[in-house]
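Student: Let me begin by handing over the structure; questions about it come next.
The values are calculated or read from the model by the stated rules, or taken from the named source; none is laboratory data. Everything numeric in this text was worked out from a predicted model, so none of it was measured. We place every Cβ from the backbone using ideal geometry, glycine too, and count neighbours over all the protein chains shown. To get the accessible areas, we keep the full protein, side chains included, count just its heavy atoms, and leave off ligands, DNA and RNA. Shrake-Rupley method; radii C 1.70, N 1.55, O 1.52, S 1.80 Å.
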Amino acid sequence: MKILKKCTALLLSAALVCALCVSAFAAGLDNFQKSDTYQNQFTDIGGWYADYVIEGCELGLIDGTSESTYSPSRSMTVAEAVKLAACIHSIYTNGEANFTQGSPWWQVYADYCLEEGIIDEPYSDYSNAITRSQVAVLFAAALPEEALTEMNTLSDGAIPDVRLSDSYGDAVYTLYRAGVLTGDSDGSFYPSKNISRSEMAAIVVRMVDVTERQALTFTTASSGTLTAEEIYAKCSPSVFSLTTYNDEGEAHSTGSGVFLSADGLAVTNWHVLDGAASATITTTDGTTYDVSGVYDYDVDNDLALLQIDGTGFTPMAVNDSGTLNTGATVYAIGNPQGLESSMSAGIISSAHRVVNDTDYIQVTTPISSGSSGGALINTRGELIGITSASVSNGQNLNLAVPIEKLSELSTERCRSVSTVVQEFIDTLADGFSLSKTSVRLNPGDSTTVTCSIPGIPSGYSVSYETSTRSIVQCAWGEWSDQDSVDLTLTGQNLGDVTVTISLHDRQDTVLATRTIQVAVR
């Protein structure tokens, strides 16, 4: 492959990325001219984004991941987006983007963006998937203000899930007002989500072709709240029921989940997947789909990011601003006790309730078994939390995980449910340790053995079993904040005994054992 070549690969993998070289022009959007003819080469494009892909190809800005595939649902990487921003800025400014790639391939583009002030500092990992908020900041800096003229009158605070005070807020509002970004039907932007190649095709074309920029049609936040009926109609198609299965294909557990994108990105509670070998989901229209994999999970915050094997889903608008008010009305949609698409209402009892060192939203909205992984929704129909748990022996003491915790999960790789769950079990078992594995006591004397299990989730347990109960007595203490618990052993009669400590999951399956050899002399 030649080092200098026409730039037809702004969305390529590293092996396919090449450089752009066009004739020099004066600075301006007129520098972006169609010079190629689309050859109907991509067999995997269709729908709303297809025309953007075609125009992007004709502009010499877009290519596929191979000669015949575009991979519209694949996430854009930081490196690819930085290359895109560098080329757009260079063509606008100089009439060409004459870059010579080195090693790594993206370094020349990163250096250019740093030199031109498009980025302030290098990214930590250029192979990571880039988020929508990062794309907004990058692209708003790739063109000057006069190239991003305002065509939409948009009041501050009109975007439901973006505040001007956010680090990316000004960039997002600039691109909305310029018609480059539009959001969903109510304008939600989903700043923490990764951006797909299909979405990027539209943004690329709108950046350089003013005729493709969009007038906003969503209802802004100033229009007020939605009724419960409107919220149910809007949000219920985004919530699905989830069934997990064991190695034998038998039903293991049930729960709920929420779509985050039309191409199957979804979220549920980690504890719904825990112990499973596979999973399926059923949408509100009764269609069943496989869970093709798990991107990432967070045991402490009880979240798992899923990929559903399908497309055309209805994603829910996300408000991950973290702005929550105690006393505000909220709604929950889930599948309690298998009663699909059930909706309940309540208020936020505490916007930030810390339980076992984890931050929750405490609500009076009823949450029952089967609702785990469902949606907690504000009065604008936005997802603000994932319903997770109820406090036993309490009256309307229910908990949801704040949706901004999703930003801590990665979509870099997707693995099967069984692989991810087994990895978690193996990690937990490997960390299972005892402070002593042999003990010597006199009759009537006691000693303490600390049992440590870093990362043990709520609902897991440990047990002890003695080979001869008359020789030693055992008693558990209380769990500490460091995921450890003390076992007190008291000598009774002379002899030797083995005490076996077992780690159990929520279904009481033994995951690992450790032994203590006790001699009473």
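Student: Quick one: is residue 367 at pLDDT 90 or above and either in contact with a strand residue (DSSP E or B) (Cβ under 7 Å, 6 or more places away or on another chain) or not small (Gly, Ala, Ser) (or both)?
Tutor: Details: at pLDDT 90 or above: no; either in contact with a strand residue (DSSP E or B) (Cβ under 7 Å, 6 or more places away or on another chain) or not small (Gly, Ala, Ser) (or both): yes.
Answer is no for this residue.
Student: Another question, if that's okay. Out of everything in the range 149-176 that is in a loop (DSSP other than H, G, I, E, B), among the acidic types (Asp, Glu) and in contact (Cβ under 8 Å) with a residue 24 or more places away in the chain, what residue ends up being farthest from residue 379 (Cα to Cα)?
Tutor: Among those residues, the one meeting the criterion is 150.
Student: Do you know which of the residues in the range 279-305 that are within 23 Å of residue 456 (Cβ to Cβ) and open to solvent by less than 30 Å² (accessible area, probe 1.4 Å) is nearest to the chain's Cα centre (by Cα)?
Tutor: Once the filter is applied, the top-ranked residue is 305.
Student: Among the residues that make up the range 419-433, is at least one of them assigned to a strand (DSSP E or B), open to solvent by 40 Å² or more (accessible area, probe 1.4 Å) and more than 30 Å from residue 127 (Cα to Cα)? Walk me through how you get there before you give the answer.
Tutor: We begin by selecting, within the range 419-433, every residue assigned to a strand (DSSP E or B); these are 433.
From what is left, the residues that are open to solvent by 40 Å² or more (accessible area, probe 1.4 Å) are 433.
If we keep only those that are more than 30 Å from residue 127 (Cα to Cα) too, we end up with 433.
Yes, because at least one residue in the range 419-433 is assigned to a strand (DSSP E or B), open to solvent by 40 Å² or more (accessible area, probe 1.4 Å) and more than 30 Å from residue 127 (Cα to Cα).
Student: So which residues in the range 309-339 are open to solvent by 30 Å² or more (accessible area, probe 1.4 Å), part of a loop (DSSP other than H, G, I, E, B) and within 18 Å of residue 230 (Cα to Cα)?
Tutor: 314, 315, 328, listed by residue number.
Student: Give the residue, chosen from 494, 511, that is over 20 Å from residue 423 (Cα atoms) and touching a strand residue (DSSP E or B) at 6+ places or on another chain (Cβ under 8 Å).
Tutor: Working: 511 fails: over 20 Å from residue 423 (Cα atoms).
Within the list 494, 511, the selection yields 494.
Student: Across the range 356-386, which residue is farthest from residue 236 (Cα to Cα) among those that are open to solvent by less than 30 Å² (accessible area, probe 1.4 Å) and more than 19 Å from the chain's Cα centre (by Cα)?
Tutor: Applying the filter and picking the extreme gives 362.
Student: Against the definition (part of a strand (DSSP E or B), open to solvent by 30 Å² or more (accessible area, probe 1.4 Å) and at negative phi), how does residue 347 come out, yes or no? Give the derivation first.
Tutor: Working: part of a strand (DSSP E or B): yes; open to solvent by 30 Å² or more (accessible area, probe 1.4 Å): yes; at negative phi: yes.
Yes.
Student: Looking only at the range 248-277, count how many residues are charged (D, E, K, R) and touching a strand residue (DSSP E or B) at 6+ places or on another chain (Cβ under 9 Å).
Tutor: Of the residues in the range 248-277, the ones charged (D, E, K, R) are 248, 250, 263, 274.
Narrowing further to those that are touching a strand residue (DSSP E or B) at 6+ places or on another chain (Cβ under 9 Å): 263, 274.
Residues in the range 248-277 being charged (D, E, K, R) and touching a strand residue (DSSP E or B) at 6+ places or on another chain (Cβ under 9 Å): 2 in total.
Student: Please work out which one of (1) assigned to a loop (DSSP other than H, G, I, E, B); (2) out of contact with any Gly (no Cβ under 8 Å at 6 or more places or on another chain); (3) at pLDDT 90 or above; (4) not polar (S, T, N, Q) is the condition residue 444 fails and give its number.
Tutor: All conditions are met except number (2).
Student: Is it true that some residue in the range 257-278 is modelled with pLDDT under 90 and open to solvent by less than 20 Å² (accessible area, probe 1.4 Å)?
Tutor: Checked against the condition, which is being modelled with pLDDT under 90 and open to solvent by less than 20 Å² (accessible area, probe 1.4 Å), the range 257-278 yields at least one hit.
Student: Then there is this: Look at residue 455 and say whether it is touching a Cys at 6+ places or on another chain (Cβ under 9 Å) and either of a type in the set (Lys, Arg) or part of a loop (DSSP other than H, G, I, E, B) (or both). Write out each step before concluding.
Tutor: Numbers: touching a Cys at 6+ places or on another chain (Cβ under 9 Å): no; either of a type in the set (Lys, Arg) or part of a loop (DSSP other than H, G, I, E, B) (or both): yes.
No, not satisfied.
Student: Scanning for something over 15 Å from residue 175 (Cβ atoms), open to solvent by 30 Å² or more (accessible area, probe 1.4 Å), charged (D, E, K, R) and modelled with pLDDT under 90, does the range 60-72 turn up at least one residue?
Tutor: yes
Student: Just the residues that are open to solvent by 10 Å² or more (accessible area, probe 1.4 Å) and of a type outside the set (Val, Ile, Thr), please, taken from the range 74-99.
Tutor: Narrowing the range 74-99 to residues open to solvent by 10 Å² or more (accessible area, probe 1.4 Å): 74-75, 77, 89, 92-94, 96, 98-99.
Across the range 74-99, the qualifying residues are 74, 75, 89, 92, 94, 96, 98, 99.
Student: All but one of (1) buried (at least 20 other Cβ atoms within 10 Å of the Cβ); (2) closer than 18 Å to residue 321 by Cα; (3) not aromatic (Phe, Trp, Tyr) hold for residue 235; state the number of the condition that does not hold.
Tutor: (2)
Student: Name the pairs whose Cβ atoms lie under 9 Å apart, with the first residue in the range 61-81 and among the β-branched types (Val, Ile, Thr), the second open to solvent by 10 Å² or more (accessible area, probe 1.4 Å) and not in a loop (DSSP other than H, G, I, E, B), and 6 or more positions between them or separate chains?
Tutor: 62/52; 62/54; 62/55; 77/129; 78/129; 78/134
Student: Scan the range 100-147 for residues that are in contact with a His (Cβ under 7 Å, 6 or more places away or on another chain) and open to solvent by 40 Å² or more (accessible area, probe 1.4 Å) and report the count.
Tutor: Residues flagged as in contact with a His (Cβ under 7 Å, 6 or more places away or on another chain) and open to solvent by 40 Å² or more (accessible area, probe 1.4 Å) within the range 100-147 amount to 1.
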